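One structure is given here, and the rest of the page talks about it.
What follows is calculated from the coordinates using simple rules that are stated; it is not laboratory data. No experiment lies behind these values; they were computed from the predicted model shown. Backbone-built Cβ (ideal geometry, glycine too); neighbour counts: all protein chains shown.
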Amino acid sequence: MMLSAEDFGALWLTLRLATTVTLVLLLLGTPIALWLARTRSAWREPVAAIVALPLVLPPTVLGFYLLIAMGPEGPVGALTEALGLGLLPFTFWGLVVASSLYSMPFVVQPIYNAIAAMGERPLEVAATLRASPWDAFFTVVLPMARPGFITAAVLGFAHTVGEFGVVLMIGGNIPDETRVASVQMYDHVEALAYSQAHGLAAVMLAFSFIVLFSLLRFQRSGGPLAARHVD
Amino acid sequence: MGQGHAAEAQLRVAVASNFSLAASEIAELFEQSADVEVQLSFASTGKLYAQILHGAPFDVFLSADSDKPLRLESEGRVVANSRFTYATGALVLWSADESYIQDGPAQLRAGEFRRLAMANPRVAPYGLAAEQVLDALEVPAQVASRRVLGENISQAYQFVASGNAELGLVARSQVMIGGRLQRGSAWPVPPLMHTAIKQDAVLLTNGSNEEAGRVFLAFLRSEPALRVLEDHGYVTAQEQLLQPGMVMAP
C-alpha cells in the first residue's frame with residue numbers, strides 16, 4: 001500500500017482546497033446566516049432557497065453549468081476576463097469558487113440554526129449595555145453559537161474533501177493545481193489500479209477521521225471560544 | 001391476461017459512453033428487425049468492466065478499448081470466440097471557433113492555445129492516442145503541459161465546446177455527423193499517427209439471453225449498422241485500406 005508522489009500531491013492539494021473553502025465559507029456564510037436569522041425582509045425565503053439550491057442539482061450537472069458560466073462566453077468568465085484574472089476553470093481558485101458554492105448550505109445551515117436558537121434576547125441585552133455590533137458578535141454570538149460554527153466548519157471541510165463531481169467537470173486534472181485526491185482515486189479505479197485506490201482511500205479516510213474527531217473533541221472540551229453559559 | 005407482447009425477449013447491453021449515440025441508433029434498427037427489446041446501459045469502460053466482474057447481468061459489452069474485453073475473457077466472463085472489433089475510433093483536432101484551426105500540426109507545435117483538451121491517457125483509449133499524436137508531432141513538453149484532461153472523451157469535448165479550451169483532441173464521432181463537421185474548425189488526425197483505437201465487443205457469460213446476444217453481435221457487423229458507424233465518424237473499412245491520405249469536408 002505504497003502511496004506515490006502524485007498521491008501525496010493530490011492529498012496535499014485536497015487539504016489546501018478544503019481548508020481554503022472552509023475559511024471562505026465561514027467568512028461568507030456567517031453574515032448570510034446572521035441576516036437570515038434576524039431579518040423580517042420579504043427576501044428572506046428567496047435567499048434561503050437560493051443558498052440551498054446547490055443541493056438539488058447533481059454535482060456533475062452543477063459543474064457543467066459552472067464550466068459554461070465561467071467560460072469565455074459565460075457571464076462569470078466575461079467578468080473575470082474583464083478584471084484581468086483570466087478564466088477560472090482549470091485553476092485552483094476556480095475550484096475554490098465552485099466548491100464554496102456547492103458546500104455553502106452545509107455551512108450556512110448550522111450557523112443559522114445556532115443563531116436562531118439563541119433568540120433575540122442576548123443581543124438586545126448586549127445593545128442595552130452599549131456593545132457595538134462587532135463587540136456583540138464576538139462576545140455574545142460567537143461564544144453562544146459556537147457549536148453551530150464548529151459543526152459548520154466540520155461539514156464544510158468534510159464536504160469539500162469528498163467533493164468530486166464539480167471538480168471533475170471544471171478541474172481538468174492538472175497535477176498540484178486541480179487534481180485532488182477524489183479525482184486521483186477515481187483515476188486509479190478507472191485504470192484498474194485497485195490497490196493504489198485502496199491505499200489512497202485508506203489514507204484519506206484515516207486523515208479525515210482524525211481531523212473531524214479532533215474538531216468535535218475540541219467542541220466538547222471547550223477551547224478558547226468556550227461558551228460561558230448561564231442558563 | 002393477454003400475452004401478446006410479453007413474448008418479446010430482453011437484451012441488456014453495456015455500452016461505453018463514447019458509443020452511446022451510435023448504439024442507440026443501432027439498437028433501434030435492431031429492434032425493428034428482431035423481436036428483442038434492447039436495454040442500453042451507458043458508463044465508462046472502466047466502470048462497466050468493474051460491474052461485469054462483480055456480476056452485473058449484462059448480455060453484451062461494447063467496450064471503448066480492446067483491453068477490458070480481453071481481461072474479461074481471461075477472467076472467464078466471456079463466451080468463447082465472441083470477441084471482435086465492432087468499431088475503430090478516429091481523432092480530430094477541433095476548435096469551437098470556425099477560423100481557429102488553419103494548420104493544425106504547426107499550431108500544436110507552436111503552442112497557439114491557452115489550453116489543449118484531451119482525454120486522460122491513463123484511463124481513456126482516446127487519451128492515449130492523443131498523447132501519441134503529441135509525441136509524433138514532437139510538440140515540446142512545455143507546450144504539452146498546458147493540456148487539460150477530461151476523465152473521458154465526452155468531457156474533453158465539453159472543455160472545447162464551452163470555449164474553455166481553444167483546442168482539443170476529441171473523437172471524430174463527436175464533431176461529425178453524416179460525414180460533415182457540425183461546428184467550428186478541425187484538422188483530421190491521420191489514423192497512422194497513433195495505435196488504432198479498437199473498440200471490442202464481447203458476449204458475456206453473466207447474461208441470461210445468449211441467443212439474442214449472438215444475433216445482436218451479428219447485427220453489429222451488418223450493412224445497416226456499418227452505415228451508422230460511418231455516419232458517426234468511426235473509421236470505415238475502406239478508410240483503413242486507403243490510409244494516410246484522409247478526406248474531410250468541413
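Brief remarks follow.
- Restricting B:Arg83, B:Arg146 to those that are within 29 Å of A:Leu66 (Cα to Cα) and either out of contact with any His (no Cβ under 9 Å at 6 or more places or on another chain) or within 14 Å of another protein chain (Cβ to nearest Cβ) (or both) reduces the list to B:Arg146.
- Annotation note: Cβ proximity below 7 Å between a residue of the range A:52-72 that is farther than 13 Å from A:Gly94 by Cα and a residue that is among the small types (Gly, Ala, Ser) (sequence gap 6+ or interchain) occurs for A:Pro58/A:Gly165; A:Pro59/A:Gly165; A:Thr60/A:Gly165; A:Pro72/B:Gly163.
- Only listed residue being away from chain B (no Cβ under 14 Å) and of a type in the set (A, V, I, L, M, F, W, C), chosen from A:Phe164, A:Phe149: A:Phe149
- Residue check, A:Ile174 in a loop (DSSP other than H, G, I, E, B), of a type in the set (A, V, I, L, M) and either more than 16 Å from the chain's Cα centre (by Cα) or surrounded by fewer than 17 Cβ atoms within 10 Å (Cβ to Cβ) (or both): yes
- A:His159 being more than 9 Å from every other protein chain (Cβ to nearest Cβ), in a helix (DSSP H, G or I), in contact (Cβ under 8 Å) with a residue 24 or more places away in the chain and in contact with a helix residue (DSSP H, G or I) (Cβ under 6 Å, 6 or more places away or on another chain): yes
- Residue in the range A:81-98 that is within 12 Å of chain B (Cβ to nearest Cβ), out of contact with any helix residue (DSSP H, G or I) (no Cβ under 6 Å at 6 or more places or on another chain), part of a helix (DSSP H, G or I) and without any contact (Cβ under 8 Å) to a residue 24 or more places away in the chain present: yes
- Filter pass, A:Val183 being facing chain B (nearest Cβ under 10 Å), in contact (Cβ under 8 Å) with a residue 40 or more places away in the chain and part of a helix (DSSP H, G or I): yes
- Filtered residue count, the range B:94-129, keeping only those that are of a type outside the set (S, T, N, Q), crowded, with 17+ Cβ neighbours inside 10 Å and within 30 Å of B:Phe61 (Cβ to Cβ): 12
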